[in-house]
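In what follows, a single structure is set out as structure tokens and then discussed.
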Amino acid sequence: MNSQWEAVIGLEIHTQLSTKSKIFSGAATAYGAEPNTQACAVDLGLPGVLPVLNRDAVRKAVTFGLAIDAEIAPHSVFARKNYFYPDLPKGYQISQFELPIVGNGHLDIDVDGETKRIGITRAHLEEDAGKSLHEDFHGLTGIDLNRAGTPLLEIVSEPDMRSAKEAVAYMRKLHELVRYLEICDGNMQEGSFRCDANVSVRPKGQKEFGTRAEIKNINSFKFVEKAINHEIERQIDVIESGNKVVQETRLYDANKDETRSMRSKEEANDYRYFPDPDLLPVLIEESLKNEIRATLPELPDAKKQRFIDQYHLDNESATTLTSSRELADFYETVVKASGGEAKLASNWLTGDVLGALNKAGLEIGACPVSAERLAGLIKRIADNTISGKTAKQVFDKLWNGSDSADEIIEKEGLVQITDTGAIEAIVDKVIAANPVPVEQYRTGKDKALMALVGQIMKETQGKANPGEVNKMLIAKLKN
Amino acid sequence: MSLTANDVKKIAHLARLGIAEQDVEHYAKDLSGVLELMTRMDQLNTDGVTPMAHPLDQIQRLREDAVTEIDQRDHFQTIAPQTEAGLYLVPKVID
């Protein structure tokens with residue numbers, strides 16, 4: 001970005017709360033059902049129906065509020081947001097306006113080794129709309145109302161971010177948090193976690209904000225960064241060419257990597273909010289807050305710090321290992337089952353295991369190597385039964401089969417040769433058979449040593465400890 | 001506060017209400033009267049009065065998170081003007 005300009009970014013994130021039934025009706029929320037089979041009379045907005053609030057949606061919202069250290073409104077009020085669109089049959093969305101359930105809170109993000117606090121203005125409960133399908137139905141639009149009434153928690157940040165990188169860091173942190181809290185499954189492909197970004201630019205040093213544009217529909221971490229960067233560049237171009245940024249809603253097109261103006265109706269933002277007379281104020285008692293507070297899991301930041309203190313991990317490994325609750329739990333199970341091999345377990349998990357999962361497109365929950373089986377392997381590395389090199393072979397077999405590490409080591413005869421006499425015999429044999437590299441090494445060509453080590457490892461089928469071999473070889477060649 | 005004819009037309013459009021041109025002035029006068037009443041009420045001293053979100057002095061009851069509805073799609077769709085592949089069909093909307 002041109003250094004005379006500063007970007008100002010705020011995010012609105014819609015998280016779908018993982019309840020079984022809808023926020024105001026007893027219809028199911030499961031994803032992927034046949035169209036309209038999970039849309040009941042309430043969701044369809046038929047005359048005479050009344051909304052009844054889901055207790056679990058309220059609890060999940062309070063859980064989130066407590067986790068970000070926010071004020072929880074003792075009295076919270078639902079409001080009608082009025083607009084006309086066919087996937088919103090009532091003609092209004094039940095949302096919250098003046099008294100949202102979650103007030104001021106914050107989330108800390110790490111960018112380039114620095115910690116920055118991002119303010120969260122509010123988080124409010126609302127119902128999702130249905131889906132419009134614009135494919136060809138003889139020139140008509142198809143409406144699926146299964147999603148109508150699904151509970152959402154809309155989390156609105158302060159305009160505290162100054163780069164696309166910070167915005168992505170915030171979004172990732174929030175994604176991690178809602179999954180830790182088990183209030184949202186975080187599935188972005190299925191739309192459980194969606195992001196709108198408010199972006200403006202201003203000359204560096206200016207206090208007032210520039211005119212902002214809202215970018216809708218950015219549903220992956222990669223696209224958020226690209227879409228925001230693109231929008232910042234666009235606004236700078238507009239201003240530098242002597243024009244003004246228009247306040248509008250823009251849609252990100254991932255295929256073309258650009259944002260474009262949505263044909264916005266003039267009155268699109270005139271929602272005429274008013275308190276919904278069908279719903280009474282929600283009372284959040286101190287006792288409920290205390291009860292939920294007592295059941296909050298260890299949060300990502302606290303867990304990361306504990307991993308650093310307890311397992312002596314570096315910041316980067318601890319960050320990776322605590323990026324999801326499942327991964328952190330997996331790690332701790334491996335450490336425990338391996339008899340406390342915290343460092344080895346961290347290296348293996350952040351290296352080979354995550355690498356293999358990534359390649360296979362799997363999450364830790366679907367890892368073919370269980371924590372116990374991985375611990376079995378780590379124990380054998382720790383007690384020198386196998387070399388690090390052999391361990392990689394064993395890991396491949398753990399990944400592709402069901403044998404334990406011990407069974408694989410036994411069947412394949414991979415036990416490291418610890419008998420010094422046996423290794424010495426091989427070293428002597430290799431020295432005798434390779435006079436040329438031996439002479440080269442003695443005359444100062446250190447590289448020749450590698451050829452000899454290679455020969456010895458080959459002779460031992462990789463079962464000797466390369467460090468030991470190296471030491472023994474140098475000792476012998478110096479004589 | 002008093003409403004102009006244009007305000008009335010805008011409000012009618014937002015609410016998707018069709019009103020006849022000759023009635024616009026009449027509505028503007030009536031609605032302005034309602035707003036005038038609000039302005040007068042606004043002058044009352046409400047210090048120490050908690051704002052009211054609902055006329056009933058009660059709190060919202062909550063229901064357990066359980067699926068209690070069965071699929072009645074076929075039944076509901078008997079009153080829809082047009083359906084296909086389980087979808088309700090409506091005149092084309094482009095955003």
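Assorted remarks:
- Between A:Asn198, A:Ala448, A:Phe137, the Cα set farthest toward the positive side of the dipole of the protein assembly as shown (charges on each charged residue's Cβ, about the Cα centre) is that of A:Ala448.
- Global form of chain B, assessed from the alpha-carbon gyration tensor, a/c cut-off 1.5: oblate
- Between the residues A:Ser323, A:Ala148, A:Leu280, the greatest Cα displacement towards the positive end of the dipole of chain A, with unit charges on the Cβ of Lys, Arg, Asp and Glu, is found for A:Ser323.
- Bridgeable lysines around A:Lys478 (alpha carbons under 18 Å apart, same-chain partners fewer than 8 residues away excluded): A:Lys429, A:Lys445, A:Lys447.
- Qualifying GluC sites (Glu not before Pro) in the range A:251-330, DSSP loop, other Cβ atoms within 10 Å at most 16: A:Glu266, A:Glu267, A:Glu285, A:Glu298
- Centroid-to-centroid separation of the range A:431-479 and the range B:71-95 [C-alpha atoms, Å]: 79
- Given charges at beta-carbon only (K, R positive; D, E negative), |dipole| of the protein assembly as shown in Debye: 1660
- 3J(HN,Hα) from dihedral phi, the range A:274-282, Karplus parametrisation 6.51/-1.76/1.60, rounded to Hz, x for glycine, proline: 8, x, 6, x, 7, 10, 7, x, 8
- Against chain A, whose longest principal axis comes from its Cα atoms, helix A:286-295 is set at around 20 degrees.
- Per-residue ellipticity at 222 nm from helix content only, as computed over chain A with -39500 (n - 2.57) for each DSSP H run of at least four residues, stands at -12000 deg cm²/dmol.
- In order along the range A:243-250, phi translates into HN-Hα couplings of 9, 10, 6, 9, 6, 7, 9, 10 Hz, rounded to whole numbers, per the Karplus curve 6.51 cos²θ - 1.76 cosθ + 1.60 with θ = phi - 60° and x for Gly and Pro.
- Projecting the Cα atoms of A:Gly119, A:Val49, B:His54 onto the charge dipole of the protein assembly as shown (Cβ charges, centred on the Cα centre) puts A:Gly119 farthest toward the positive pole.
- Acute angle (nearest 10 degrees) that the helix B:24-42 long axis makes with the longest principal axis of chain B, alpha-carbon atoms: 70
- For chain B, the longest principal axis of the alpha carbon atoms and the long axis of helix B:5-14 meet at an angle near 20°.
- Database remark: amide H of A:Ala79 closer than 5 angstrom to the amide H of A:Ser95, A:Gln96, A:Phe97, A:Asp276 (H placed geometrically; neighbours at sequence offset of 5 or more, or on other chains; Pro and chain starts carry no H).
- Put the Cα centre of the range A:298-324 next to the Cα centre of the range A:398-423 and the gap is 32 Å.
- Simple spin-label estimate for A:Glu363 and A:Lys116 in nanometres, 7 Å along Cα-Cβ: 2.9
- Of the GluC sites (Glu not before Pro) in the range A:188-239, those whose Cβ has at most 16 other Cβ within 10 Å and which sit in DSSP loop: A:Glu190, A:Glu208
- DSSP-assigned coil residues among trypsin sites (Lys or Arg not before Pro) in the range A:251-325, each with at most 14 further Cβ atoms within 10 Å: A:Lys256, A:Arg263, A:Lys265, A:Arg272
- Between the range A:348-390 and the range A:100-116, the Cα center-to-center distance that results, in Å: 34
- The helix-only estimate of mean residue ellipticity at 222 nm for chain B, built from DSSP H runs of length n ≥ 4 each weighted as -39500 (n - 2.57), is -11000 deg cm²/dmol after division by the residue total.
- Ratio Rg/Rh [Cα only; Rh per Kirkwood] for the protein assembly as shown: 1.11
- Entries in A:Lys90/B:Lys92; A:Lys304/A:Lys389; A:Lys20/A:Lys90 that, when Cα-Cα distance is taken, lie over 27 Å: A:Lys304/A:Lys389
Bear in mind these aren't lab numbers, they're just calculated from the coordinates by the rules spelled out. Predicted model, so just to flag it, every value in this text is computed and none were measured. Every residue, glycine as well, gets a Cβ built from its backbone with ideal geometry; the counts of neighbours run over all protein chains shown.
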